[in-house]
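Below you'll find the structure, written out as structure tokens, and then a few comments.
The values are calculated or read from the model by the stated rules, or taken from the named source; none is laboratory data. As the structure is a computational prediction, the values presented were derived from the model and not from experiment. Virtual Cβ from ideal backbone geometry, glycine too; neighbours counted across all protein chains shown. All accessible areas refer to the heavy atoms of the entire protein, side chains included, with ligands and DNA or RNA removed. Shrake-Rupley method; radii C 1.70, N 1.55, O 1.52, S 1.80 Å.
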Amino acid sequence: MSIVSTASSYYLNFKIWKLLATLFGFTALLVFTFNELFVTEKLYYQSFGEQIAAERIANMIATSQHWQWVGYILASAITLIRVAFTASCLYVGCALLEYKINFRDLFKISILADFVFVASAIVKLAVLIFFKTVNNLEDLQFQPFSLLEIFDRSKVQVYLVYLYSVINLFEIAYWGVLAWLLTQILERPFVKTFQTVLYSYVPGLMLWILFAMFITLNLST
């Protein structure tokens, strides 16, 4: 057994609550770091100074600081929903393919794979600190290695921004990690488990993207 396989088997034996606590911890730390480094009073004035009165901006800042704790809860809730969504998609796919696997194992796999997005956020943080100038809140929408960074954002339709941001190298890596972890549970070759991810999670992701595009389109009209 390879070192990588041994490591994956080791983490798959962890309790779900420990994995979730670690994931939530990293998520909260990243949210805190982004807020402390970038979401400053100066950034608010640079973003809205020419659009609304200074008094209103000050009220926005005060409200944001007062409810900052909600951001940590929301970030954890979004993470939990994403993990549950992925596990549910995989469960449906495995059931259709008649693979014997329980939801608990798929939930654990989804938690472990979600650390890919933690890595994505760390890369984003590093790029924003060392290579990119943040002049307004829109600059914080930067998504490393995504289709959104290839095009001129000002020319991208609002309802397509989310689609372009989701299409990125970390998302593809996420599929690969899911498939690799599935090989440890299903004891099938990577090619087969990657196909399982493509047949189950990817269609679910596409439906979610279409839903997000529909909501964005309706809110922007």
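Enter the accessible area per residue of region 8-153 (Å², integer; probe 1.4 Å; all protein chains in place).
60
List the pairs from K18/K100; K42/K155; K18/K132; K15/K100 whose alpha-carbon separation is above 32 Å, in the order I gave them.
Among K18/K100; K42/K155; K18/K132; K15/K100, the Cα-Cα distance tops 32 Å for K18/K132.
Just in region 61-159: which trypsin sites (Lys or Arg not before Pro) are loop by DSSP and have at most 11 other Cβ atoms within 10 Å?
Within region 61-159, the qualifying trypsin sites (Lys or Arg not before Pro) (loop, at most 11 other Cβ atoms within 10 Å) are K100.
Ignoring any ligand, DNA or RNA, what whole percent of the accessible area of region 128-206 comes from carbon and sulfur when the probe is 1.4 angstrom?
62
What aspartates and glutamates sit close enough to K124 to cross-link, taking a C-alpha to C-alpha distance under 13 Å and skipping anything fewer than 8 places away on the same chain?
List returned: D139, E149.
Would you mind estimating how fast the chain diffuses translationally, via Stokes-Einstein at 25 °C and 0.890 mPa s with the Kirkwood radius over Cα pairs, in µm²/s?
The Stokes-Einstein estimate is 126 µm²/s.
Which of the GluC sites (Glu not before Pro) across region 138-217 are loop residues per DSSP, with 15 or fewer other Cβ within 10 Å?
In loop regions of region 138-217 (DSSP not H, G, I, E or B), the sparsely surrounded GluC sites (Glu not before Pro) are E187.
So how strong a dipole does the chain carry about its Cα centre when Lys and Arg Cβ are +1 and Asp and Glu Cβ are -1, to the nearest 20 debye?
For the chain, the charge dipole is close to 580 debye.
Take the chain, connect every pair of alpha-carbon atoms lying under 10 Å apart with a spring to form a Gaussian network, then pick out the residue of A53, A173, A75 with the largest mean-square fluctuation.
Answer for the Gaussian network model of the chain: A53.
Can you list which of the DSSP-assigned H helices in the chain have a Cα extent of 27 Å or more along the long axis and an average Kyte-Doolittle score of at least 1.0?
Result, helices passing both filters: 16-37, 68-96, 190-219.
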